[in-house]
Amino acid sequence: MSFQTTKQNGVVVVDVDGQLIVGNRQELKQKVLDELEGGERKFLIDFANTGYIDSSGLGVLVSLSKKIREMGGELRLANLNEDLRTLFELTKLDTLFNIADSRDEALASL
Amino acid sequence: MGPAAQGPLPDDARERSGGGAASAPPATAFALELPSDLRVIEGAVGYLVERCRAFTAGGSRLTLNFRVGLCEALANAMLYGNGRDPEKRVRVEVELDTSRVEVRVVDQGKGFDPQEVPDPTAPGNLERPGGRGVFLLHKLMDQVEYRGCGNEVRMVLHWSTPLRRASGE
């Protein structure tokens with residue numbers, strides 16, 4: 001499992017390779033917070049290679065979303081598989097996040 | 001990664017099998033014991049999913065309901081049950097056949113009251129970072145029952161039951 005960070009057209013893109021769960025959520029949180037402190041304001045988290053997220057992972061996304069918004073920034077999520085979309089619907093977090101079908105769609109909206 | 005982060009192996013030498021039609025794998029039961037180390041959860045869930053694959057064609061009941069539900073139960077046991085005390089263990093007992101899986105997760109803590117957890121989907125709670133674990137457990141599993149002083153959770157998931165949505169059953 002890893003979180004790879006790159007920058008594309010002024011957007012910090014985080015590729016999540018593996019599951020986002022209680023055992024690794026702090027790593028993602030710290031990476032994004034470091035970029036936020038460094039002045040970055042546009043973020044995209046790409047879940048193309050993620051099978052599942054647990055409640056702790058969802059909690060970190062909620063926390064980051066709030067923090068980014070408070071700092072005047074924007075966050076997009078992209079490439080959620082069917083299970084992840086169901087998870088966001090069950091928790092009603094699909095109403096809280098801006099979720100794009102693809103990376104390109106997310107980048108175009110930032 | 002240290003030894004504690006390696007994938008778990010069955011510790012129960014009394015693993016038993018029996019019953020079932022000739023074309024179906026026989027029902028099986030086994031147990032794991034895990035340290036209270038959050039890093040072992042992914043490996044434990046992965047191992048149990050592979051064991052389940054012999055009994056189900058897969059689909060979201062396995063890849064979403066089982067994986068996330070089990071993950072929540074293990075995290076609760078380690079975080080809130082055992083208080084992340086490395087001396088305390090989490091026991092996972094599994095009964096598996098072609099119609100269902102039953103999992104009992106037992107920690108060595110004092111238990112907790114699941115009734116105290118507020119609804120995380122209520123508008124005022126949506127932006128709270130925590131409080132979704134028990135909610136997801138109940139949404140994703142067909143039966144969830146707390147036993148003992150609340151330090152044991154018994155969960156049942158049927159492989160063929162349609163996935164329940166937030167809007168209803």
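At what distance in nm do the modelled label points of B:Ser99 and A:Gln30 sit from each other, each positioned 7 Å from its Cα along Cα→Cβ?
Going from the B:Ser99 label point to the A:Gln30 one covers 4.9 nm.
At 7 Å along Cα-to-Cβ for each site, give me the label-to-label distance between A:Arg69 and A:Gln8 in nm.
Modelled inter-label distance: 2.5 nm.
Find which of B:Gly150, B:Thr56, B:Val94 sits farthest along the positive direction of the dipole of region B:30-169, computed with +1 on the beta-carbon of Lys and Arg, -1 on that of Asp and Glu, about the Cα centre.
B:Thr56
Specify whether the C-alpha gyration tensor of chain A places it in the rounded, prolate or oblate class, a ≥ b ≥ c being the square roots of the eigenvalues: rounded for a/c under 1.5, otherwise prolate if a/b is larger than b/c and oblate if not.
On the way: a/c = 1.37, a/b = 1.24, b/c = 1.10.
Verdict is rounded for chain A.
Say each of B:Val156 and A:Arg41 gets a label point 7 Å from the Cα, pointing the same way as Cα to Cβ; how far apart are those two points in nm?
Going by the 7 Å Cα→Cβ label model, 5.5 nm.
So which of A:Lys66/A:Lys92; A:Lys29/B:Lys139; A:Lys42/A:Lys67 end up more than 19 Å apart by C-alpha? Kindly include the intermediate steps, with their values, before the conclusion.
Values: A:Lys66/A:Lys92 16 Å; A:Lys29/B:Lys139 26 Å; A:Lys42/A:Lys67 12 Å.
From the list (A:Lys66/A:Lys92; A:Lys29/B:Lys139; A:Lys42/A:Lys67), the Cα-Cα distance tops 19 Å for A:Lys29/B:Lys139.
Enumerate the calculated ³J(HN,Hα) couplings along region B:24-37 in order (Karplus 6.51 cos²θ - 1.76 cosθ + 1.60, θ = phi - 60°), each rounded to whole Hz, writing x wherever the residue is Gly or Pro.
9, x, x, 4, 9, 9, 7, 9, 10, 10, 10, x, 7, 10
List the aspartates and glutamates whose Cα lies under 13 Å from the Cα of B:Lys88, skipping any in the same chain that are fewer than 8 positions away.
B:Lys88 reaches B:Glu33, B:Asp37, B:Asp107.
What residues have an amide H closer than 5 Å to that of A:Asn98, excluding those fewer than 5 places away on the same chain, when H is modeled at 1.01 Å from N in the peptide plane?
A:Leu77
To the nearest whole number, what is the average tally of beta carbon atoms from other chains within 10 Å of the beta carbons of peptide B:56-64?
Shielding by partners across B:56-64 averages 2.
Just check region B:27-158 against the gyration tensor rule for me: Cα atoms, a ≥ b ≥ c as the square roots of the eigenvalues, rounded for a/c under 1.5, and otherwise prolate or oblate depending on whether a/b exceeds b/c.
Values: a/c = 1.72, a/b = 1.21, b/c = 1.42.
It comes out oblate by the Cα gyration axes.
Once you order the gyration tensor axes a ≥ b ≥ c over the Cα atoms, which shape class does region A:1-55 get: rounded for a/c under 1.5, otherwise prolate or oblate by comparing a/b with b/c?
oblate
Taken together, the values in this text are just the output of simple stated rules run on the coordinates, not laboratory data. The structure displayed is predicted, hence computed values, not measured ones. Note that each Cβ is placed from the backbone with ideal geometry, even for glycine, and that neighbours are counted across all protein chains shown.
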